[in-house]
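**Student:** Dropping the structure in here first, questions after.
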């Protein structure tokens with residue numbers, strides 16, 4: 001079938017093209033897009049900060065309606081509303097252990113452009129194959145996805161579904177890093193470095209988890225929303241002494257937990273300088289290459305601090321995304337307050353507004 005896709009053929013450029021999309025194969029579904037979030041990882045692909053091969057259709061926070069199912073699909077049917085999340089190989093030890101976030105083939109599943117069988121489903125005007133990001137390529141009117149990364153959700157309308165697009169990546173990443181990877185004790189202290197959609201999701205999750213002190217370290221945006229979502233304190237990360245402020249807030253101890261979501265390598269050092277003894281510090285952001293000289297003895301060994309990574313919120317999307325939807329419906333995860341909607345054809349403006357801080361979460365509507 002012929003569809004419209006925003007194709008990247010050279011670094012930094014998106015072009016709307018009519019392309020050919022194949023039928024779904026075994027265990028795959030065809031999804032008609034309702035909306036797609038825009039995330040900084042899309043920029044990393046389009047600008048080739050990550051080693052991707054063009055042509056490619058970016059986009060990895062799609063939501064839509066199932067139109068057709070391939071052989072072997074058992075959990076989805078036409079008409080189901082789905083949130084699209086990250087793909088995995090499904091056959092490695094981690095996948096078999098219900099830990100898809102640790103899939104041994106995760107990087108190439110996300111950024112290699114192919115589906116799990118090593119092939120592509122999209123062809124351009126010249127007959128050449130086009131890769132897709134995250135096994136979906138949601139910057140297109142339709143997508144083929146494996147049933148493993150399409151999560152059926154209980155919502156009443158396409159408009160409500162559009163509000164939830166970032167559950168597939170950004171919200172899942174921030175909230176899951178807190179709820180799944182940290183699992184903070186009620187009454188504990190936490191600092192969130194970066195107040196984009198991922199960091200703000202972490203703030204919401206910290207409140208859900210019962211953290212008593214939630215410190216949001218922000219830049220040019222995010223302070224007001226962080227307070228609205230549950231931050232008890234805010235710090236301007238570019239101008240203030242962040243470790244000093246955090247230790248003042250916590251009676252000199254530092255925080256029990258911290259999350260770095262700003263994508264600034266040097267911020268890792270600031271985070272480690274802000275930790276309490278036996279603290280847990282988590283990295284979730286995509287950063288450019290940088291040499292960050294961590295001081296192992298005073299920052300990690302002596303205070304017994306754990307520095308760890310977490311991909312996609314340490315979550316199994318089929319389990320975690322329905323939980324996030326429940327939190328949203330209960331009013332405890334107000335992700336709709338992050339969203340600014342754009343027409344699909346306004347994709348360049350949506351990226352521009354995201355980069356200059358005019359919007360936290362731009363969402364394309366089809």
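**Student:** Considering the chain, what Rg and Dmax in Å follow from its alpha-carbon atoms?
**Tutor:** For the chain, the Cα radius of gyration and maximum Cα-Cα distance read 20.1, 64 Å.
**Student:** To continue, here is another question. Output needed: percent of Cα pairs per 5 Å distance bin for segment 81-179, bins running from 0 to the one holding the longest distance.
**Tutor:** 2, 12, 20, 23, 19, 13, 8, 2, 0, 0
**Student:** For segment 174-310, what does the relative contact order come out to in percent, with C-alpha contacts under 8 Å and a separation of six or more?
**Tutor:** 22 percent
**Student:** Please work out the Cα convex hull volume for segment 174-310 and give it in Å³ per residue. Could the numbers behind the result be given before it?
**Tutor:** Numbers: hull volume 12.6 nm³, N = 137.
Measuring per residue, one finds 92 Å³ for the Cα hull of segment 174-310.
**Student:** Looking at segment 13-160, what % of the alpha carbon pairs are farther apart than 27 Å?
**Tutor:** Working: 1773 of 10878 pairs.
Cα-Cα pairs in segment 13-160 separated by more than 27 Å: 16 percent.
**Student:** Provide the percentage of antiparallel DSSP beta bridges, counting only those with both residues in the chain; round to the nearest 5.
**Tutor:** The answer is about 55 percent antiparallel.
**Student:** Nearest 500 deg cm²/dmol is fine: what mean residue ellipticity at 222 nm does the chain get from its DSSP H runs of n ≥ 4 alone, each adding -39,500 (n - 2.57), divided by its residue count?
**Tutor:** Numbers: 11 runs with 85 residues, N = 366.
Value at 222 nm, helices only: -6000 deg cm²/dmol.
**Student:** Can you give the Rg to Rh ratio for segment 49-120, taking only C-alpha atoms and Rh from Kirkwood?
**Tutor:** In segment 49-120, Rg relative to Rh is 0.98.
**Student:** Taking Cα atoms, how many degrees apart are the long axis of helix 197-209 and the longest axis of the chain, rounded to 10 and kept between 0 and 90?
**Tutor:** Computed tilt is about 60 degrees.
**Student:** Using alpha-carbon pairs under 8 Å, 6+ residues apart, how would you state the relative contact order of the chain in percent?
**Tutor:** Value for the chain: 17 percent.
**Student:** Something else now. Could you order the peptides 48-56, 202-210 from most to least packed, using the average number of other C-beta atoms within 10 Å per residue?
**Tutor:** Result, highest mean Cβ count within 10 Å first: 202-210, 48-56.
Read-outs throughout are calculated quantities, based only on the coordinates presented, and are distinct from any laboratory measurement. Small disclaimer: the values here were computed from a predicted structure and weren't measured. Ideal geometry is used to build each Cβ from the backbone, glycine not excepted, and the neighbour counts take in all protein chains shown.
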